[in-house]
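Peer 1: Below is a structure I'd like to ask you about.
No lab work stands behind these numbers, since they all come straight from the coordinates. The structure displayed is predicted, hence computed values, not measured ones. Cβ coordinates were reconstructed from backbone atoms using ideal geometry, including for glycine residues, and neighbour counts include every protein chain displayed.
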Amino acid sequence: MKTLNFITKQLVLFLACLTLAMPTHADGLKVGQPAPQFQLKAQDGSNVSLAERQGKGWTVLYFYPKAGTPGCTAQACGFRDAIKLIKNQNAEVYGISTDEVKDLLAFHTEHKLPFSLLSDTDAKITEAYGAKMPLLKMAKRWTFILDPSLTIRQIDNDVDPVLDAKRVADTLKQLQSGS
């Protein structure tokens with residue numbers, strides 16, 4: 001069984017790498033546009049609506065391919081470790097993948113993540129943000145920063161999972177200072 005899980009993870013990673021260079025089928029979102037609205041289930045089964053963030057500070061949405069894989073774990077743990085810096089800049093973080101809620105709960109619990117992971121099992125929201133991999137029902141590794149009016153202020157479609165949280169914290173500081 002362990003061998004099968006390892007092979008499955010390796011196949012997923014191979015396919016993810018294979019499709020990263022392929023163009024997305026969604027219309028490309030641009031900085032300055034309103035963020036696509038959504039309501040998704042969090043790892044604890046609660047519903048999270050983006051509309052409820054309106055006027056409540058900055059929002060970071062990071063899309064990632066698969067909970068439990070090395071890059072996704074590094075990225076999630078990076079956000080965990082930088083969460084105080086990000087929250088000090090009046091921002092909340094949400095990780096979005098096409099994983100099932102139960103898988104997100106296990107990942108969230110294992111790594112003691114202090115932010116919500118959201119399940120987009122049909123990949124409709126992932127596609128609305130242009131972050132869906134072609135041919136696969138998986139997210140590319142993209143990060144969006146939304147201002148309090150839920151306008152897209154930053155799109156990073158070349159994410160280094162190890163450096164993403166630090167980049168987000170630095171970008172939030174720049175955006176909020178107006179520089």
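Peer 1: Taking the stretch 52-98, which trypsin sites (Lys or Arg not before Pro) meet the DSSP loop condition and have no more than 14 other C-beta atoms within 10 Å? Write out the running numbers ahead of the final one.
Peer 2: Working: sites: R53, K56, K66, R80, K84, K87; in loops: K56, K66.
For trypsin sites (Lys or Arg not before Pro) across the stretch 52-98 that sit outside H, G, I, E and B with at most 14 neighbouring Cβ atoms in 10 Å, the list reads K56.
Peer 1: So which of K84/K137; K30/K102; K102/K124; K30/K112 end up more than 30 Å apart, counting from Cα to Cα?
Peer 2: On the way: K84/K137 32 Å; K30/K102 33 Å; K102/K124 19 Å; K30/K112 33 Å.
In this structure, K84/K137; K30/K102; K30/K112 lie more than 30 Å apart at Cα.
Peer 1: Just how many % of Cα pairs in the stretch 111-175 lie over 20 Å apart, if you round to the nearest whole percent?
Peer 2: Value for the stretch 111-175: 37 percent of Cα pairs lie more than 20 Å apart.
Peer 1: Test of understanding: ordering R167, R141 by Cβ neighbours within 10 Å, fewest first, what list do you get?
Peer 2: By the 10 Å Cβ count, ascending, the order reads R167, R141.
Peer 1: Still on this structure: Taking neighbour Cβ counts within 10 Å as the exposure measure, how do K30, K173, K132 sort from fewest upward?
Peer 2: Going from sparsest to densest Cβ surroundings: K30, K173, K132.
Peer 1: Also, I was wondering about something else. Treating the Cα atoms of the stretch 2-177 as identical point scatterers in vacuum, please give the log10 of the normalised Debye intensity I(q)/I(0) at q = 0.09, 0.11, 0.13, 0.20 Å⁻¹, two decimals.
Peer 2: Each listed q maps to, in turn, -0.28, -0.42, -0.59, -1.52.
Peer 1: I would also like to ask the following. Loop only per DSSP, at most 15 neighbouring Cβ atoms within 10 Å: give me the GluC sites (Glu not before Pro) in the stretch 57-163, ordered by residue number.
Peer 2: Sites meeting the loop and neighbour criteria: E100.
Peer 1: Would you order F107, F63 from fewest to most other beta-carbon atoms within 10 Å of each residue's own beta-carbon?
Peer 2: Listed from fewest to most nearby Cβ atoms, that is F107, F63.
Peer 1: On to the next question. Got a sec to turn the phi values of the stretch 63-78 into Karplus ³J(HN,Hα) couplings, 6.51 cos²θ - 1.76 cosθ + 1.60 with θ = phi - 60°, whole Hz, x for Gly and Pro?
Peer 2: 8, 9, x, 7, 4, x, 7, x, x, 5, 5, 4, 5, 4, 5, x
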